[in-house]
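Remarks on the structure that follows.
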Amino acid sequence: MISRESDVWDQVVQSKKIEFSVRLLIASLGLALFTQTAFAKVQTYCGWIDNPSPANLYLSDATTDWIIGEQGGHQAEGDLSFPDSDNEYVKTNGSYGYFCGCVQAETSVQGEDHFITRIVSSQAQSLTACLGDSKLSQSFRPKTLIDSSGGANTACDEDREREQVFKGQTICVDEAGKYRYLADTDE
């Protein structure tokens, strides 16, 4: 009889060990998930920030196009800093447009889509910072640039400006970093 009680007791102990192991495994997985979420990696992304219409914001950097926010859909947590100067913000649709900037953010990738999920900090950059970066994503192409000269756009002023090719178009850049597209004479 002792043997039978001993076997039962051994089974109870074994069952409790398995139950404890399962609970420990579940707690460990929960802690790992919490740790991964709570301490998500923050990285810096710099490039063209496009705000074509209300609640639509995108960042095109050297690697890909990031969705910051889309009307009726995803919106990143945190605030995005816009340029202080109108000379660093190009309007393309009323008050909407694009600028050059950097964000420190957490991101996620879902299939083909790349999302900025939380903006930790952001800073607008000069437009020339993006113009001068040949590594930036070619999928975003600013439609217009500020014409700082006020004159005809057929040639660069050799005394004040230098020619530079930006995404297949010639622009004129002065010492202060102001630039303008040359007019397309074939039209």
Based on the Kirkwood radius over alpha-carbon pairs, what is the Stokes-Einstein translational diffusion coefficient of the stretch 43-131 at 20 °C with 1.002 mPa s viscosity, in µm²/s?
166
Please give the net charge around H74, taking every other residue with its beta carbon less than 12 angstrom from that of H74, where Lys and Arg add +1 and Asp and Glu add -1.
-2
The local net charge around Y45, scoring Lys/Arg +1 and Asp/Glu -1 for residues other than Y45 whose Cβ lies under 14 Å from its Cβ, equals -2
Extending each Cα 7 Å along its Cβ direction at E77 and V42, get the distance between those two points in nm, one decimal.
1.2
Through the Karplus equation 6.51 cos²θ - 1.76 cosθ + 1.60, θ set to phi - 60°, convert the phi angles of the stretch 68-85 into ³J(HN,Hα) values in whole Hz; use x for Gly and Pro.
8, x, 9, 4, x, x, 4, 9, 5, 6, x, 10, 9, 7, 9, x, 6, 10
Starting at the first residue of the stretch 93-101, write each ³J(HN,Hα) from the Karplus equation 6.51 cos²θ - 1.76 cosθ + 1.60 with θ = phi - 60°, in whole Hz, x for Gly and Pro.
8, x, 8, 8, x, 9, 7, 9, x
Tell me the net charge near L59. Cut-off is 12 Å between Cβ atoms, L59 excluded, with +1 for each Lys or Arg and -1 for each Asp or Glu.
-3
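Computed from the coordinates by the stated procedures, all read-outs in this text should not be read as laboratory data. Keep in mind it's a predicted model, so treat the numbers as computed, not measured. Cβ sites come from the backbone with ideal geometry, for glycine too, and all protein chains shown count toward neighbours.
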